[in-house]
Structures are given as C-alpha cells and as structure tokens.
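J.: Before I ask anything, here is the structure I am working with.
The values are calculated or read from the model by the stated rules, or taken from the named source; none is laboratory data. This is a predicted model, so every value here is computed, not measured. So basically every Cβ, Gly included, is an ideal-geometry build from the backbone, and we count neighbours across all protein chains shown. All accessible areas refer to the heavy atoms of the entire protein, side chains included, with ligands and DNA or RNA removed. Shrake-Rupley method; radii C 1.70, N 1.55, O 1.52, S 1.80 Å.
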Amino acid sequence: MSAKVLWGPVVLVCGLLAACSGGSSGPGPTPMGHTYISTEVKGTPIPGGGPLTLSFTDGRVSADAGCNSSSGPVTFDGSALRVSRMATTMMACIGDRSGADGWQTALLQSAPKWSLSGSTLTLTGHDVTVTLRDKRVLHPDLPLTGTTWVVTTLLRQEGQVRSQALDAARPTLTIAPDGQVSGNAGCNRMTGTAEISGSAVTFHLATTRMMCAPDVMQVEQQVLEALNGTTEATVDSDTLTIHNRADDNGLILRSE
C-alpha cells in the first residue's frame, strides 16, 4: 500500500514511476535505519541548493531536496538503489527551489548506483554523483530538555499534515530540565509541566484564552490534543517526534 501524505486537508499522491526489482542486496550493511544529508554534489547541482535528505526505514525511503518530500518502497538490488510507487506532497515552491523536485525524481528514477563506506553514502545517477553523510554524525541528537522545538508537521491517523497555517503559526515547545513547560500552541501561550520517564513524557498543560483566525485555532487544537496526557517522545538529531499514546496522533518538531 502506498503512503498517503497530506498537504493541508487534502490527500495528494503523485506516482513517481521508477524501475522496481524484487531483488535485494547481498550480505553487508545497507543505509536502512539511517538518515543521510548531502554534503557534496558533482554534476547537475540541486536547484535551490538543497540539501538532499534521504531517510531509510522499514523498507522505505523518504526524500527531500528542498521543496516537496516524497516516500516509497526501496530495494538495494546489488549495486543499484531502486524505488517505486512513491507519494509526494505538492507544495508550490518559488524561485530556484521549484526545480528541486524534478532533480530529486530524476536521481531516484535512474536506479542510481549506491555505495556505503562507514557513515558516508554515495549515489551515482546518469549525470550526478551525490555524497551524503549520516545525519547522526553531522548533527548528533539534541537533548529533549532545554531545546526549543518548533512544530513543522501534524501527525494524524490519516497521514502527515502540513499547511500554510501551521507554518505561519509556528507552535513551539520547550521543556526545561526541571520539567517546566513553556511555548506557544499556535495562538495561545502554553505553560505547565512534563513528567519524563525514558521515552514516555506526560504533559499537564494550560493555555491563555485568546482567539485567533479559525485555521490557526484548528492548528492549536491539534497541537494541544497531541500534548494531552502521556506521549512517546523520540529525538533524532535535530528532530523531535511525539506520539500520543491514547490515539497515536502526534507532532514532528525541529529545533529552533
């Protein structure tokens, strides 16, 4: 089943047709389970400057070269990396970044050769060679507490949701080392406490009572729902992912 990626309230799926093989790589490590960020591009540059980010997990790859993100099944067929049935967001990007999607698609559809040396992944397509480094090496995990996190994506049961209202509201979350919580839910200021036990974080929050535009208030409602009660929080480099244990809705946040 192909992934569903939401931009705003509408499901938008674009097929990026690529060669697909049932084969798999032989013995040896693969990029699976890691995220890589491009550090060098030889040949056709990334429109807008990139970087290209590739995340490999559960037999899938997610790609983002600076405009839209896409994801789909991936196989390591010998020395060839093959992707298929990819879904992509459809945000309109301005300037040079508008060409990033075409660049990204051309690379992934070319069944590029891949090689892995330590924390360095190299992909070679028809007219480009991209060197990527493991995100954990480039950007080690930030601490959960003491970091100001900005909500970039809402995780709903129907998929990932991004919107202009979310980008404009920029909800923030900061958990102090003593468990005190501060931030902004989108319209109103948040205060409260967080009880941290391993990856479990239980929030007890209150907010001010201002009213904002309806789309901003909808964002705020979803943020507060995700932070209501006990959650599962994981940090990957500069990214915090929160899943509410009650309904599995959640948030993706990046460090400010």
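J.: Wholly within segment 158-256, which strands (runs of 3 or more DSSP E) include no fewer than the required count, namely at least 2 residues that are out of contact with any Asp or Glu (no Cβ under 6 Å at 6 or more places or on another chain) and surrounded by fewer than 17 Cβ atoms within 10 Å (Cβ to Cβ)?
T.: 180-184, 189-197, 200-207, 229-236
J.: Could you list, in sequence order, the residues of segment 53-68 that are surrounded by 22 or more Cβ atoms within 10 Å (Cβ to Cβ) and either over 20 Å from G28 (Cα atoms) or in contact with a Cys (Cβ under 8 Å, 6 or more places away or on another chain) (or both)?
T.: Passing the criteria: A63, A65, G66, C67, N68.
J.: What number of residues in segment 71-82 are at pLDDT below 95 and crowded, with 21+ Cβ neighbours inside 10 Å?
T.: Here the count works out to 2.
J.: Among G59, G50, G146, which is under 30 Å from L173 (Cβ atoms) and within 17 Å of the chain's Cα centre (by Cα)?
T.: G50
J.: Quick check on my filter: what residues within segment 65-112 are part of a loop (DSSP other than H, G, I, E, B), in contact with a Gly (Cβ under 9 Å, 6 or more places away or on another chain) and either under 22 Å from L154 (Cβ atoms) or of a type in the set (G, A, S) (or both)? Before the answer, list the steps.
T.: Restricting attention to segment 65-112, the residues satisfying the condition of being part of a loop (DSSP other than H, G, I, E, B) are 65-68, 78-79, 84-85, 89-94, 110-112.
So of that shortlist, the ones also in contact with a Gly (Cβ under 9 Å, 6 or more places away or on another chain) come out as 65-67, 78, 84-85, 93, 110-112.
The answer is A65, G66, C67, G78, S84, C93, S110, A111.
J.: A further question follows. Being at pLDDT 95 or above, touching an Asp or Glu at 6+ places or on another chain (Cβ under 6 Å) and open to solvent by 40 Å² or more (accessible area, probe 1.4 Å) narrows it down to one residue among T131, T148, T124; which is it?
T.: T148 is the lone residue from the list that is at pLDDT 95 or above, touching an Asp or Glu at 6+ places or on another chain (Cβ under 6 Å) and open to solvent by 40 Å² or more (accessible area, probe 1.4 Å).
J.: State yes or no: is S115 of a type in the set (S, T, N, Q), open to solvent by 30 Å² or more (accessible area, probe 1.4 Å) and in contact with a strand residue (DSSP E or B) (Cβ under 8 Å, 6 or more places away or on another chain)?
T.: Yes.
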